[in-house]
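The values are calculated or read from the model by the stated rules, or taken from the named source; none is laboratory data. Only a predicted model underlies this, so the values are computations on that prediction, with no experimental measurement involved. Heads up, the Cβs are rebuilt from the backbone with ideal geometry, glycines too, and the neighbour counts pull from every protein chain shown. Surface areas here come from the heavy atoms of the whole protein model, side chains and all, with no ligands, DNA or RNA. Shrake-Rupley method; radii C 1.70, N 1.55, O 1.52, S 1.80 Å.
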Amino acid sequence: TVKKGLEPALIESLVVPDNLDIKFVHERIRQAVYITIPEEEKNLVHLQTGRLLLKSLSKEKLENKVFDVVHQFNFGKDLITDKSEIKQLIELNLHAGLKAKSASAFLPANNYLYNAKNLLNEDAWQTNYKLALKIYEETAEICYLTGKYEETRKIADIIIKNSTDILD
């Protein structure tokens, strides 16, 4: 398990348990460990970290850690090939974007929503209409809120082009 793998670091007091998390005792130690990871492996390490976090968190705890989980996953998003995992990451980015927007953190919300939009496959409007519509609507709104009016218009045009209902 993870804790067993971290046992030497726990013994040497490099990491400490913190509730259900394990944290480095100092930011410099985390940085020192991070720079030892070869550059070509960093995204994979982030992806594995995201997967581990997601697997270990209950739905309630995920709500409090969604930004951490999505942050890790987004570094490794280009390595994901499984369609269900991509869809899960799209939904996590949407959730993080909505949560950031509700806290008036518009720039992070913009990043999460764009990640969600960019992860959608080309036929998302046909295969997952409601999800595509929600992501595009939220992205258009966050563009408007951040003053990107031309981008808002472009996204609105895409919504109009792909909408199947006058009310959408």
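Taking the condition touching a Gly at 6+ places or on another chain (Cβ under 6 Å), in contact (Cβ under 8 Å) with a residue 12 or more places away in the chain and among the hydroxyl-bearing types (S, T, Y), does Y112 pass?
Yes.
For the condition touching a residue at least 40 places away in the same chain (Cβ under 8 Å) and over 30 Å from I80 (Cα atoms), what is the one hit in L145, L131?
L145
Look through the range 148-168, keep the residues that are open to solvent by 40 Å² or more (accessible area, probe 1.4 Å) and β-branched (V, I, T), and return whichever of them is farthest from S84 (Cα to Cα).
Per the stated criteria, the residue is I166.
Any residue at all in the range 109-116 that is open to solvent by 40 Å² or more (accessible area, probe 1.4 Å) and more than 12 Å from the chain's Cα centre (by Cα)?
no
If you go through the range 51-58 one residue at a time, do you hit one that is in contact with a Leu (Cβ under 9 Å, 6 or more places away or on another chain), modelled with pLDDT under 95 and surrounded by 19 or more Cβ atoms within 10 Å (Cβ to Cβ)?
Looking through the range 51-58, at least one residue is in contact with a Leu (Cβ under 9 Å, 6 or more places away or on another chain), modelled with pLDDT under 95 and surrounded by 19 or more Cβ atoms within 10 Å (Cβ to Cβ).
What single numbered condition from (1) of a type outside the set (K, R); (2) over 20 Å from L47 (Cα atoms); (3) open to solvent by less than 30 Å² (accessible area, probe 1.4 Å) fails to hold for L92?
Among (1) of a type outside the set (K, R); (2) over 20 Å from L47 (Cα atoms); (3) open to solvent by less than 30 Å² (accessible area, probe 1.4 Å), the lone unmet condition for L92 is (2).
Of everything in the range 128-155 that's of a type in the set (S, T, Y) and part of a helix (DSSP H, G or I), which residue is farthest from L94 (Cα to Cα)?
Out of the qualifying residues, it is Y149.
Give the residues of the range 69-87 that are touching a helix residue (DSSP H, G or I) at 6+ places or on another chain (Cβ under 9 Å), in a helix (DSSP H, G or I) and either touching a residue at least 24 places away in the same chain (Cβ under 8 Å) or open to solvent by 80 Å² or more (accessible area, probe 1.4 Å) (or both), sorted by residue number.
Passing the criteria: V70, H71, Q72, F73, N74, F75, K77, D78, L79, I86, K87.
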